[in-house]
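**Q** Quick one: the structure is below, and I'll ask about it shortly.
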Amino acid sequence: MSDLNALKTAARSAAFARRKVAFASAHAAQSSYLSEVLAGYRGVPLAGYAPMRTEIDPLPAMAEAAAHGPVGMPVIKAKATPLDFREWSPGCAMVEGTFGAFIPAHGEWIEPEIVIVPLVAFDRSGGRLGYGGGFYDRTLERLRARRATLAIGFAFAAQEAQGLPLEPTDQPLDLIITEAGIITPP
C-alpha cells in the first residue's frame, strides 16, 4: 500500500468514527441549512443522494427542491466511470443499486447544475475525502467541463478534518453544509 493510500485509509477510519457518533445524535432539522442554500436556486436542476449507513440525510431538502425543479439521484453504471443521474421525487419507487445505495426505479435522466455530494471527511478549503471509488471526482470533472457546476459537500460538522490526503484529481467543493452551518471555502 502506498503512503498516500495508507494516509487515506487512516483518515477515512477516523472520519467514519466521528460520523457514527454524530449520526447517533442527529436531529430532524439537520438539513435546514441545506434547504436554506437550495432555496436560492429554485428550478435549477440538482442532484442529491439517498443516505446510506451513517450519512447525513439530505432528503428533506431535496423534497423541498423537487417542488420547484428537477432533482436527481446518482446511478453507478460501471466501475471507474462518472455517475449519471435519474430524476427523483418524494415517494417515487426506489430500488437497490450498486453498493446498496437506493436509486429511483424509473425516471428521466437529468444533468444537474448543483450536486449535493456525500463524503467521509472535509476540510475548510473545500477538500473532500470520499469512499475511494472516484465516482464524484469523475462526475464533477465531466459536469464542470460542460458548464459551471456547484458542488455542495453535505456532512456532519464532526466530519471536518485538517490535512486531508488529497490528490490533483480530487474535485474541490464550492460549499460545505453541515447541521451546524454553512462553510464557504476561500
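The values are calculated or read from the model by the stated rules, or taken from the named source; none is laboratory data. Not measured: the values here are computed from a predicted model. Note that each Cβ is placed from the backbone with ideal geometry, even for glycine, and that neighbours are counted across all protein chains shown.
**Q** When you look at residue 97, is it modelled with pLDDT under 95 and under 11 Å from the mean Cα position of the chain (by Cα), yes or no?
**A** no
**Q** Still on this structure, I have one more. Take the conditions over 15 Å from residue 48 (Cβ atoms) and out of contact with any Ser or Thr (no Cβ under 8 Å at 6 or more places or on another chain) and apply them to residue 123. Does it pass?
**A** Yes: the conditions hold for residue 123.
**Q** Separate question: Within the stretch 133-141, is even one residue at pLDDT 95 or above, assigned to a loop (DSSP other than H, G, I, E, B) and more than 13 Å from the chain's Cα centre (by Cα)?
**A** No.
**Q** Next question. Can you find even one residue in the stretch 158-173 that is touching a His at 6+ places or on another chain (Cβ under 9 Å) and of a type outside the set (Lys, Arg)?
**A** no
**Q** Restricting to the stretch 89-116, give me the number of residues that are free of Cβ contacts under 8 Å to residues at least 60 places away in the same chain, under 11 Å from residue 74 (Cβ atoms) and not small (Gly, Ala, Ser).
**A** Adding up the residues that qualify gives 5.
**Q** Return a yes/no flag: does the stretch 111-124 have any residue that is crowded, with 18+ Cβ neighbours inside 10 Å, closer than 24 Å to residue 13 by Cβ and among the β-branched types (Val, Ile, Thr).
**A** Looking for residues that are crowded, with 18+ Cβ neighbours inside 10 Å, closer than 24 Å to residue 13 by Cβ and among the β-branched types (Val, Ile, Thr), one finds at least one in the stretch 111-124, hence yes.
**Q** Then there is this: State all residues of the stretch 152-186 that are crowded, with 19+ Cβ neighbours inside 10 Å and part of a strand (DSSP E or B); if no residue qualifies, say none.
**A** 152, 153, 154, 175, 176, 177, 178, 183
**Q** Please determine, by comparing only the residues of the stretch 6-56 that are of a type in the set (Ser, Thr, Tyr) and assigned to a helix (DSSP H, G or I), which one is surrounded by the most Cβ atoms within 10 Å (Cβ to Cβ).
**A** The residue in question is 31.
**Q** Right, next: If you go through the stretch 155-180, how many residues are closer than 19 Å to residue 38 by Cα and touching a helix residue (DSSP H, G or I) at 6+ places or on another chain (Cβ under 6 Å)?
**A** Total satisfying the criteria: 5.
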